[in-house]
Every structure is written in structure tokens, then in C-alpha cells.
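Participant: Got a structure here, written out as C-alpha cells. Questions coming.
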């Protein structure tokens, strides 16, 4: 697995923003990635120290599409919660460089 493709996107919800104030950030990652690879990637990408990682696998939901109500399944996904060391944070909405 290519380590560059581990983190797919941050998950921005009301709940995740509340958790971010407490130092816990939520990401969607590659479903084959393990905690060691995720930790390494987060630390290198955001220059922070990861204290703990919690992960969960979610099976794709069934949706009925079209007039004939054909069943279609969404893809499976893996979600991780990353707890950072005290007084560290990730600025997910940072645009450009800080002055």
C-alpha cells in the first residue's frame, strides 16, 4: 500500500468540531491501513504528536435507486479518531501560510 494514499479526507461534522476542541480529530482513511501507518502519516503530514488512535470499520449501506428500485451498495469505509498530545491541534481550515 502506498503511504501517501492512507488519509482520504477529514470528517467535518458538528460532533467532530466539538471533539476537535478537546484534541480529537476525525478522518476517513483507507480501509486496509493499520494504526501504525495512520499514526506515521498524521505525524508527518501535520507535524504533531499522536497520543492514541481509535478506528472503526463501516459496511456500505444499501440504497434503492431508480423506478425499479434496484439495490445499490455504498462503498465500505474506515473512520479513525486521532487524539493528539496536550496543547497540540490540527488546523483543517488553514489557507495559505501563517505570518
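The values are calculated or read from the model by the stated rules, or taken from the named source; none is laboratory data. Quick caveat, the model's predicted, so the values are computed rather than measured. Ideal geometry is used to build each Cβ from the backbone, glycine not excepted, and the neighbour counts take in all protein chains shown.
Participant: Report, ordered by the first and then the second residue, all pairs with beta carbons closer than 6 Å, sequence separation of six or more or different chains, a first member in the stretch 67-83 that is free of Cβ contacts under 8 Å to residues at least 24 places away in the same chain, and a second member that is assigned to a loop (DSSP other than H, G, I, E, B).
Facilitator: Pairs found: 73/60; 74/60; 74/61; 75/60.
Participant: Just the residues that are under 14 Å from residue 91 (Cα atoms), out of contact with any strand residue (DSSP E or B) (no Cβ under 7 Å at 6 or more places or on another chain) and surrounded by fewer than 16 Cβ atoms within 10 Å (Cβ to Cβ), please, taken from the stretch 19-44. Break it down into steps so the answer makes sense when it comes.
Facilitator: Narrowing the stretch 19-44 to residues under 14 Å from residue 91 (Cα atoms): 19-27, 42-43.
Those still in the list that are out of contact with any strand residue (DSSP E or B) (no Cβ under 7 Å at 6 or more places or on another chain) too: 20-22.
Passing the criteria: 21, 22.
Participant: Let me ask you something else. Suppose we filter the stretch 9-57 for residues that are part of a strand (DSSP E or B) and either at pLDDT 95 or above or touching a helix residue (DSSP H, G or I) at 6+ places or on another chain (Cβ under 9 Å) (or both); how many remain? Can you show your working first?
Facilitator: Applying the first criterion (part of a strand (DSSP E or B)) to the stretch 9-57 yields 9-10, 24-29, 50-57.
When the remaining residues are screened for being either at pLDDT 95 or above or touching a helix residue (DSSP H, G or I) at 6+ places or on another chain (Cβ under 9 Å) (or both), the result is 10, 24-29, 50-57.
Residues in the stretch 9-57 being part of a strand (DSSP E or B) and either at pLDDT 95 or above or touching a helix residue (DSSP H, G or I) at 6+ places or on another chain (Cβ under 9 Å) (or both): 15 in total.
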